[in-house]
Amino acid sequence: MKYYIVTYGCQMNVHESEKIAGILESLGYSPCEKREDADIIVFNTCAIREGAEDRVFGNVGNLKKLKKKNKNLIIAVCGCMTQKEQTAQKLLNTFPFVDIVLGTFNITKLGYFIEAVKKGRQIEVLDSGEIDEVLPYKRTSGDNAWVNIMQGCNNFCTYCIVPYVRGREESRKEENILKEVRQVIAEGKYKKITLLGQNVNSYGKDLSPQVSFSKLLSDICAVEGDFTLSFMTSHPKDLTDDVIDTIAKEDKIEKYIHLPAQSGNNRILRLMNRKYTREKYLEIIDKIRAKIPNCRITSDFIVGFPTETEEEFEDTLSLVEKVKYDSIFAFMYSKREGTVAEKMEGQIPEDVKRDRVNRLLALEKKLQKENKHD
Ligand code: 5AD
Ligand code: SF4
């Protein structure tokens, strides 16, 4: 029995696919190189932008031929996209050959649904769920081991679907994280640990007693062994001085921070509900540069947020020039169902968004070239 997993989206999903692989292997499945050879194909989907969803619809559609050839093939779709009830329904209506549809909170029950599929199609999307501490991961990212430290997000940036499909923030207990880190290091295969969370800087605020993210970092560094530690993603509003100091102090922590700014304009940042200003963001960057020399800094930007004017977009360009990032990701704003920004007036036409993203990426390319010549 063979399995094939298709993963879309962020590192969180990559790591969750490692859990799916772990579950499938515990059921006796082994991996295969081509989807044609599989007895089960799992799509682990992403909902962050419309493009990601379109790709899933296209690729699931292409499986119709395989299902015709192999009637016993099981096709499962899970992840952020199917966590949205309407999208799950659309997928089921469009593709009668999809057997299992799960959301983000019940992937651990995949084994049960594979068994149940003999009786017919299985669909379950739950509103919430706890972090699984039991089922094994099949780690697939070379000498890097992902370690999840929390799930969900409480920030509700107005453009973002994540809080709706991943629920509220829930931190794993520190002792469970440390246990996993110790196990991973003891295996001897991993040189790097990367902590994952939508907003790692708010780690531990929901625990009692509370544990700060900087304490977690220091405690992981105290684990004996030869490894480097990194983490993503940080929110500028929560990146506190103690975290910056810990990164500076601990040799094991990689000198790298992904710090999404999203925009360089204060009115747009307010509309995005980011809870910091351009000035505050630049202050944090100055602090990082002062305390952690040679720290690599990267960022995400969204262009064409509703009502963004040409001048406001130029504030993003000037922020990028000023910070001199090591690299950036630039995205065209994509309307997400159910978010606050979806209902905002002044949606920006596609061609304007495309022009802005191209100009931002051209600037990034120019700055990278200049940096290399320094
Ligand atoms: N449209 C475009 N980009 C988005 N991101 C999140 N939501 C959207 C959206 N609706 C981007 C942000 C985030 C990154 C992971 O994806 O820049 O940091
Ligand atoms: Fe989305 Fe904002 Fe949460 Fe990041 S911090 S996952 S952008 S709501």
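The values are calculated or read from the model by the stated rules, or taken from the named source; none is laboratory data. Please read all numbers here as calculations on a predicted model, not as lab measurements. Note that each Cβ is placed from the backbone with ideal geometry, even for glycine, and that neighbours are counted across all protein chains shown.
Table for the structure above
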| quantity | calculated |
| --- | --- |
| Scope region 324-335; condition out of contact with any Lys or Arg (no Cβ under 9 Å at 6 or more places or on another chain) and under 17 Å from residue 296 (Cβ atoms); matching residues | 324, 328, 329 |
| Region 317-343, residues that are away from ligand 2 (no atom under 16 Å from the Cβ) and either aliphatic (A, V, I, L, M) or in contact (Cβ under 8 Å) with a residue 12 or more places away in the chain (or both) | 317, 318, 319, 320, 321, 322, 323, 324, 325, 326, 327 |
| Qualifying residues in region 151-169 (those that are surrounded by fewer than 17 Cβ atoms within 10 Å (Cβ to Cβ) and on the phi < 0 side of the Ramachandran plot) - the one nearest to ligand 2 (Cβ to nearest atom) | 154 |
| All positions within region 113-131 that are surrounded by fewer than 16 Cβ atoms within 10 Å (Cβ to Cβ), among the small types (Gly, Ala, Ser) and part of a loop (DSSP other than H, G, I, E, B) | 120, 128 |
| Residue match in region 68-76 (condition: modelled with pLDDT of 95 or more and more than 21 Å from residue 125 (Cβ to Cβ)) | yes |
| From the options 282, 229, residue that is in a strand (DSSP E or B) and touching a residue at least 12 places away in the same chain (Cβ under 8 Å) | 229 |
| Single residue of region 249-277 satisfying the filter (assigned to a strand (DSSP E or B) and more than 16 Å from ligand 2 (Cβ to nearest atom)) that is farthest from the chain's Cα centre (by Cα) | 253 |
| Verdict on residue 239 being among the aliphatic types (A, V, I, L, M), crowded, with 19+ Cβ neighbours inside 10 Å and more than 27 Å from residue 12 (Cα to Cα) | no |
| Search result, residues across region 302-332 that are among the β-branched types (Val, Ile, Thr), farther than 16 Å from residue 366 by Cβ and crowded, with 19+ Cβ neighbours inside 10 Å | 302, 303 |
| Subset tally (residues that are more than 20 Å from the chain's Cα centre (by Cα) and outside any helix (DSSP H, G or I)) for region 56-99 | 14 |
| Some residue of region 80-90 being away from ligand 1 (no atom under 16 Å from the Cβ) and either crowded, with 17+ Cβ neighbours inside 10 Å or outside the structural domain of residue 105 (by TED's automatic domain parsing) (or both) | yes |
| Hey, residue 190 in contact (Cβ under 8 Å) with a residue 40 or more places away in the chain, assigned to a helix (DSSP H, G or I) and hydroxyl-bearing (Ser, Thr, Tyr) or not | no |
| Out of 299, 263, 214, sole residue that is surrounded by 21 or more Cβ atoms within 10 Å (Cβ to Cβ), of a type outside the set (Lys, Arg) and without any contact (Cβ under 8 Å) to a residue 40 or more places away in the chain | 214 |
| Answer from 33, 25 - the residue that is in a loop (DSSP other than H, G, I, E, B) and either farther than 25 Å from residue 133 by Cβ or modelled with pLDDT of 95 or more (or both) | 33 |
| When residues of region 341-361 are limited to those that are under 25 Å from the mean Cα position of the chain (by Cα) and surrounded by 16 or more Cβ atoms within 10 Å (Cβ to Cβ), the one nearest to ligand 1 (Cβ to nearest atom) | 341 |
| Filter result for the condition that a residue is touching a Lys or Arg at 6+ places or on another chain (Cβ under 9 Å) and not assigned by TED's automatic domain parsing to the domain that holds residue 46, over 208, 218 | 218 |
